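Everything on this sheet refers to the single structure shown next.
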Amino acid sequence: MKRDPSHSATRSLTDELAELRGLDLTALKQRWRVLYRTEAPVRIGHALLLQAVAYRLQERVLGGLKPSTRRLLERTAEDNVDRRPPTEAPAIKVTPGSVLIREWHGVSHRVTVLGDGVLLRGARYRSLSEVARKITGTRWSGPRFFGLRAPTKRSEHGTH
């Protein structure tokens, strides 16, 4: 953990960092092998590889993270390994005979799920999306309209 590098060390680092920009992917992967003492990830892109090599060069001259910060990051990573939230909540499955109720502009709409479609006020429709369009006058995802799927980020604020 160096914190007071000499002027010549920082000048040399500046030159080394400037040289990195001119290196191709193969040369950057060679620098990675030297600095990290392992092979670079197979699918790493040029930009990320450049940043990782530059970081390691700076770390050697200027010092890395304090041990306490490193321990905190390691504990946090360990604690969160199994706590990743799903990207989207799974869709709720409905079976024939299920009744879905949705209020729209003060009117309650009851839809009965059939084996081959849905029933709204005695009329059969092929899908919930068709019913949602009938109710709202605009295109909607039927499962989202009836709350069977999580809303998209765009529609969480009522803009759909």
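The values are calculated or read from the model by the stated rules, or taken from the named source; none is laboratory data. Quantities reported herein were computed from a predicted structural model and do not represent experimental measurements. Cβ: placed from backbone, ideal geometry, glycine included. Neighbour counts: every protein chain shown. Each accessible area value is taken on the protein alone, full model and side chains, heavy atoms only, with ligands, DNA and RNA left out. Shrake-Rupley method; radii C 1.70, N 1.55, O 1.52, S 1.80 Å.
For the reader, a short list of remarks on this structure follows.
- Modelled FRET efficiency - R0 35 Å, Arg75 with Asp24, Cβ distances, 0.05 increments: 0.35
- Nonpolar atom fraction for the range 34-85, defined as the carbon and sulfur part of the 1.4 Å probe accessible area, stands at 54 percent.
- Were the residues from Arg33 through Ser98 laid out at 0.36 nm apart, the gain over their Cα-Cα distance would be 17.4 nm.
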